[in-house]
Each structure stands twice: as structure tokens, then as C-alpha cells.
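Asker: Here's a structure for you.
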Amino acid sequence: MATFRFLHCADLHLDSPLRGLEADPDAPVDKIRGATRDALQNLVNFAIEQHVDFVVAAGDLYDGDWQDWRTGRFLLDQIRRLTDENIPFIAIRGNHDAASVITNNLRMPGEAARLLDHRRPETFRLPDLQVAIHGQSFATRAVTDNIARTYPPPVPGWFNVGVLHSSVGARPLHDNYAPCSVDELRSHDYDYWALGHIHQRRVLAERPWIVFPGNLQGRHARETGPKGACLVTFEDRVPTVERLTFDLARWERCRVDVSGASTFDDCLMRCREDLIGAIGTGADTYAIRVEFHGSTAANGVLRSQSEHLVNEVRAIALALGGPDTWIEQVIVATTPPTGRLSLEGDGVAGEIGRVLAELQSEVSSLTASDGAKLPALSNLRSQLRATGAPDMGDALNDAAISAALEDAAELLATLLGGEGQDRAD
Ligand SMILES: [Mn+2]
């Protein structure tokens with residue numbers, strides 16, 4: 001057998017509508033919208049520059065719901081770039097393609113490009129390399145038969161590749177399309193199984209290789225990290241598999257642990273450190289979801305000043321990564337500190353607790369119009385006015401006061417019970 005190299009990609013989802021983009025006028029929409037195309041173009045550039053021997057695509061070339069003929073033209077242009085360089089392109093249709101009018105009518109440019117049959121398994125042969133590529137396209141969106149079972153026996157003495165769009169094994173988060181097991185695939189005696197459907201890269205076995213390359217380009221905040229394809233090199237009768245990255249726009253989730261942070265600014269400092277790590281992975285454009293978690297004295301302020309928080313996080317991202325680093329969302333999932341003080345007992349904390357409870361009970365027994373009669377409240381009003389705070393007017397109704405008192409209780413308990421202080425109870 002000759003020495004050869006090929007690329008295995010899957011789940012291109014060309015022109016997939018990238019979720020969460022349109023709602024935000026500050027998002028680098030064009031870069032992210034064009035990302036699935038850029039990634040394919042990158043793969044084709046690599047194939048041509050390195051002159052790989054062929055390219056296999058294991059389904060979901062398109063996104064089923066997105067039906068624009070330009071998507072089809074783009075794919076054909078890229079395939080033609082390969083075949084013009086004598087690089088064969090062999091693909092199957094996945095569940096998304098089966099629903100797509102474009103893929104159904106796709107006419108491959110010449111003999112070196114092939115979309116394998118959907119009625120039965122088909123074998124594409126590369127006699128010079130002694131490579132046989134076996135595969136079957138999805139006929140409909142939901143193929144629940146075990147189509148791998150009917151794949152042909154290997155061509156003896158050749159390198160046999162099985163191309164399959166399947167969830168392989170029980171994976172509760174995915175639709176169980178074309179079900180089959182790793183052992184079943186192994187029993188086929190092929191040299192490499194080029195899988196598609198699972199969007200995360202996974203190597204299910206190494207003898208033979210049974211591989212999901214993951215999708216070529218992440219499409220939303222759950223498809224994070226570098227995305228690309230696999231380069232398979234067959235040399236000295238042994239195949240090796242290398243992971244290649246082709247995405248330019250990258251989704252990341254930045255989980256900022258603010259446990260023990262005492263202020264809003266401390267939380268931002270930690271966020272900054274984590275963002276430096278998240279945007280240092282070599283992509284051009286980043287879409288980042290920031291999640292604050294952990295037990296912190298800043299829990300209340302992070303939650304009450306969420307708009308300010310988003311602005312600050314965006315400013316940090318802009319300073320670190322420029323305009324192509326986009327904060328997709330900021331999630332506050334923090335909890336109050338565990339070391340918070342109990343506003344009970346005989347001490348000062350208990351006194352504060354009693355005052356707050358008294359105010360709380362007075363408020364709940366009043367209606368909004370009675371609010372002005374509450375001495376503490378009218379005092380508070382005039383004091384607020386004296387400090388130049390905006391007049392709260394109607395905002396001072398019983399529900400608002402009640403909520404403010406709860407916040408005050410939490411804040412006082414947090415501040416008084418911060419690290420290094422003794423608990424009163
Ligand atoms: Mn897919």
C-alpha cells in the first residue's frame with residue numbers, strides 16, 4: 001500500500017444561523033455569520049497547500065432549515081477547488097442535509113467528487129492508493145435503522161474507510177440516528193471509521209480508528225473551543241491521526257470563580273485574568289459567555305448592578321482583545337457568602353436585625369398611601385434628598401421598601417460577617 005494523507009471533516013453546517021447574534025448590535029455579526037464558510041475555506045486551503053490525497057465529509061454539510069442557493073454554490077466552489085487540484089471529495093448526507101432542498105439537488109463537479117448513495121451503501125475506490133471508501137447517505141431526516149450493518153466487507157489488502165453519520169452507542173443528549181455500537185463497527189475490519197453527527201471531537205477507538213472530528217466551526221455557546229478536522233496519515237502500514245484547527249471565530253465559556261472575592265472590583269479583576277486565558281487560543285474572533293460563580297460578599301451587588309457589570313466586562317474584553325472579542329452574555333450564578341453574620345442574638349448585629357424586622361413589619365401593615373406616615377420612612381426620604389439622591393417618589397411603595405429592607409439585611413449581614421470576623425451567634 002502507498003503512503004497517503006487525507007482529511008476527515010464532518011458537520012460543516014454551512015451558513016447555519018449563529019444563535020444570539022442578531023439581538024446584539026455590538027456583535028461582530030459579519031465575521032461570525034461568515035464563520036462556517038471561512039472554516040471550510042481554511043480546510044480547502046490546507047488540503048491544496050499540503051496536497052492531501054483526498055477529503056472525506058461525514059454528513060451535515062448544510063443546516064437543514066437554511067435554504068439559500070448561494071450556500072450550495074459556495075460548497076460547490078470549494079469542492080471544485082479541490083477537484084481542480086486532483087483531490088477527490090467524498091461525502092455523505094447527514095440528518096440535516098436530508099431535510100435540505102439544496103443538498104438534494106446538489107450536483108457534484110465531476111467524477112472526483114461524490115455524494116454517496118442514500119438507498120444502499122456505496123463504495124468509492126481510489127485504485128492508485130488502494131483505498132476504498134464505504135458509506136451511505138441519509139435518505140430522510142431521521143434514519144433509525146442500523147445502516148452500518150449493511151456496509152460491505154473490506155476490500156482485501158486495501159485501506160478501508162467507513163463513512164457514517166451516527167450517534168454510535170447510547171448518547172442521551174443526541175438523537176439516536178443510525179444506531180450502532182463501537183464493537184459492531186470494529187467487527188467490520190475497516191481501517192478507519194470517519195464519523196459525523198456528534199459536534200465534539202471524540203476518539204472512540206484507536207484500533208481501528210473510530211473518530212468524530214467534531215464540527216468544523218462552533219455555532220453557539222455550547223460548541224466551545226477550537227474546532228476543525230482530522231488529518232489521517234498512512235505510513236509504514238500504520239495510520240496516525242492528528243487534530244487540526246480550522247475555525248477563525250471561536251466560542252468560549254469563561255467561568256469566573258469569585259469565591260471569597262469581597263467587592264465588585266475584585267470580581268472584575270478575576271474576570272480579567274480568566275478572559276486573558278480564554279482569548280489566547282489563536283482565533284481571530286471570539287464570542288464569549290462569562291459566568292460568575294462561587295460564594296462571595298459581592299453577590300448582592302453583582303446581581304443588583306447587572307447592567308453596570310455587563311458594561312465593565314465588555315470594556316475589559318475590548319481592552320484585551322479589541323472589537324472582535326464579543327461578550328455574548330454575562331451570567332451571575334453566585335451565592336451569598338457562607339460566613340455571613342446572623343442578625344440575631346443580644347449583640348449589635350441582633351439589634352440591627354430587630355430594627356430591620358420592625359421596619360419590615362411596619363411596612364407590611366401599611367398601604368402605599370400610608371407610607372408618608374411612617375416616621376422612619378419620611379426621615380429616610382429627607383435624608384436621601386439632602387444627599388442629592390434622586391427623588392424616589394412612587395418607587396417608595398410597600399413592596400419596594402420591603403425588597404430594599406431585605407437587600408439591606410443581606411448586605412449588612414455580609415459586610416459585618418466578612419472574612420476574619422467572628423460570628424455573633
Ligand atoms: Mn450536525
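The values are calculated or read from the model by the stated rules, or taken from the named source; none is laboratory data. As the structure is a prediction and not an experimental result, all values here were calculated from the model. As a convention, Cβ positions derive from the backbone with ideal geometry for all residues, glycine included, and neighbour counts pool all protein chains shown.
Asker: Kindly indicate whether residue 132 is in a helix (DSSP H, G or I), more than 29 Å from the chain's Cα centre (by Cα) and of a type in the set (A, V, I, L, M, F, W, C).
Answerer: Details: in a helix (DSSP H, G or I): no; more than 29 Å from the chain's Cα centre (by Cα): yes; of a type in the set (A, V, I, L, M, F, W, C): yes.
Considered against the rule, which asks whether it is in a helix (DSSP H, G or I), more than 29 Å from the chain's Cα centre (by Cα) and of a type in the set (A, V, I, L, M, F, W, C), residue 132 comes out as no.
Asker: Within the group 71, 103, which residue is in the same structural domain as residue 196 (by TED's automatic domain parsing), at pLDDT 85 or above and polar (S, T, N, Q)? Working first, answer last.
Answerer: Values: 103 fails: at pLDDT 85 or above.
So the residue among 71, 103 that is in the same structural domain as residue 196 (by TED's automatic domain parsing), at pLDDT 85 or above and polar (S, T, N, Q) is 71.
Asker: Sticking with this structure for a sec: Test residue 61 against the criterion of being within 16 Å of the ligand (Cβ to nearest atom) and surrounded by 17 or more Cβ atoms within 10 Å (Cβ to Cβ), and give yes or no. First the steps, then the outcome.
Answerer: On the way: within 16 Å of the ligand (Cβ to nearest atom): yes; surrounded by 17 or more Cβ atoms within 10 Å (Cβ to Cβ): yes.
Yes, satisfied.
Asker: Same structure again: Out of the residues in segment 184-199 meeting the condition of being within 16 Å of the ligand (Cβ to nearest atom) and closer than 17 Å to residue 7 by Cα, tell me which one is farthest from the chain's Cα centre (by Cα).
Answerer: Applying the first criterion (within 16 Å of the ligand (Cβ to nearest atom)) to segment 184-199 yields 194-199.
Of the ones still in play, those that are also closer than 17 Å to residue 7 by Cα are 194-197, 199.
Numbers: 194: 23, 195: 20, 196: 18, 197: 16, 199: 10 Å.
Within segment 184-199, the match that is farthest from the chain's Cα centre (by Cα) is 194.
Asker: Scan segment 332-353 for residues that are surrounded by 15 or more Cβ atoms within 10 Å (Cβ to Cβ) and β-branched (Val, Ile, Thr) and jot them down.
Answerer: Matches in segment 332-353: 332, 334, 352.
Asker: So which residues in segment 117-142 are closer than 20 Å to residue 63 by Cα and surrounded by fewer than 22 Cβ atoms within 10 Å (Cβ to Cβ)? Walk me through it before giving the result.
Answerer: Looking only at segment 117-142, we keep the residues that are closer than 20 Å to residue 63 by Cα, and these are 117-118, 136-142.
Passing the criteria: 117, 118, 139, 140, 141, 142.
Asker: Here is a follow-up. What are the residues in segment 343-363 that are of a type in the set (A, V, I, L, M, F, W, C) and in contact (Cβ under 8 Å) with a residue 40 or more places away in the chain, if any?
Answerer: Initial filter on segment 343-363 (of a type in the set (A, V, I, L, M, F, W, C)): 343, 348-349, 352, 355-357, 359, 363.
Listed by number, the residues that qualify are 343, 348, 349, 352, 356, 359, 363.
Asker: I've got another one for you. Answer yes or no: is there a residue in segment 329-344 that is over 21 Å from the mean Cα position of the chain (by Cα), within 21 Å of residue 411 (Cα to Cα) and among the acidic types (Asp, Glu).
Answerer: There is at least one residue in segment 329-344 that is over 21 Å from the mean Cα position of the chain (by Cα), within 21 Å of residue 411 (Cα to Cα) and among the acidic types (Asp, Glu).
Asker: Here's a follow-up. Identify the residue in segment 200-222 that is away from the ligand (no atom under 16 Å from the Cβ) and over 18 Å from residue 36 (Cβ atoms) and, among all such residues, is nearest to the chain's Cα centre (by Cα).
Answerer: The initial filter retains those residues of segment 200-222 that are away from the ligand (no atom under 16 Å from the Cβ), namely 203-210, 221.
This time we only want the ones that are over 18 Å from residue 36 (Cβ atoms), so: 203-210.
Numbers: 203: 20, 204: 22, 205: 25, 206: 27, 207: 30, 208: 30, 209: 26, 210: 24 Å.
Selected residue: 203.
Asker: Let me ask another. Scanning for something within 16 Å of the ligand (Cβ to nearest atom), modelled with pLDDT under 95 and not basic (Lys, Arg), does segment 26-47 turn up at least one residue?
Answerer: Yes.
Asker: Then there is this: Being modelled with pLDDT of 95 or more and either within 24 Å of residue 15 (Cβ to Cβ) or within 16 Å of the ligand (Cβ to nearest atom) (or both), is that true of even one residue in segment 229-238?
Answerer: Scanning segment 229-238, I find at least one residue that is modelled with pLDDT of 95 or more and either within 24 Å of residue 15 (Cβ to Cβ) or within 16 Å of the ligand (Cβ to nearest atom) (or both), so the answer is yes.
Asker: For segment 246-277, which positions are closer than 19 Å to residue 333 by Cα, in contact with a strand residue (DSSP E or B) (Cβ under 7 Å, 6 or more places away or on another chain) and not basic (Lys, Arg)?
Answerer: In the first step, residues of segment 246-277 are kept if they are closer than 19 Å to residue 333 by Cα; the result is 252-275.
Now narrow it down to the ones that are in contact with a strand residue (DSSP E or B) (Cβ under 7 Å, 6 or more places away or on another chain): 252-259, 267, 270-271, 274-275.
Result: 252, 254, 256, 257, 258, 259, 267, 271, 274, 275.
Asker: Which of the numbered conditions does residue 329 fail, given that it passes all the others? Conditions: (1) in a loop (DSSP other than H, G, I, E, B); (2) surrounded by fewer than 17 Cβ atoms within 10 Å (Cβ to Cβ).
Answerer: Unmet condition: (1).
Asker: Can I ask one more? Within the set of pairs 6+ apart or on separate chains, which have a first residue in segment 1-23 that is within 15 Å of residue 68 (Cα to Cα) and in a strand (DSSP E or B), a second that is modelled with pLDDT under 95 and hydrophobic (A, V, I, L, M, F, W, C), and C-beta atoms under 7 Å apart?
Answerer: 14/61; 14/74; 14/75
Asker: If you check residue 204 against the conditions, is it within 23 Å of residue 234 (Cα to Cα), surrounded by fewer than 21 Cβ atoms within 10 Å (Cβ to Cβ), of a type in the set (A, V, I, L, M) and in the same structural domain as residue 52 (by TED's automatic domain parsing)?
Answerer: The answer is yes for residue 204.
Asker: Return only the number of the condition from (1) at pLDDT 90 or above; (2) surrounded by fewer than 20 Cβ atoms within 10 Å (Cβ to Cβ); (3) farther than 30 Å from residue 412 by Cβ; (4) touching a Pro at 6+ places or on another chain (Cβ under 6 Å) that residue 324 does not satisfy.
Answerer: Evaluating residue 324 over (1) at pLDDT 90 or above; (2) surrounded by fewer than 20 Cβ atoms within 10 Å (Cβ to Cβ); (3) farther than 30 Å from residue 412 by Cβ; (4) touching a Pro at 6+ places or on another chain (Cβ under 6 Å) leaves (1) as the failure.
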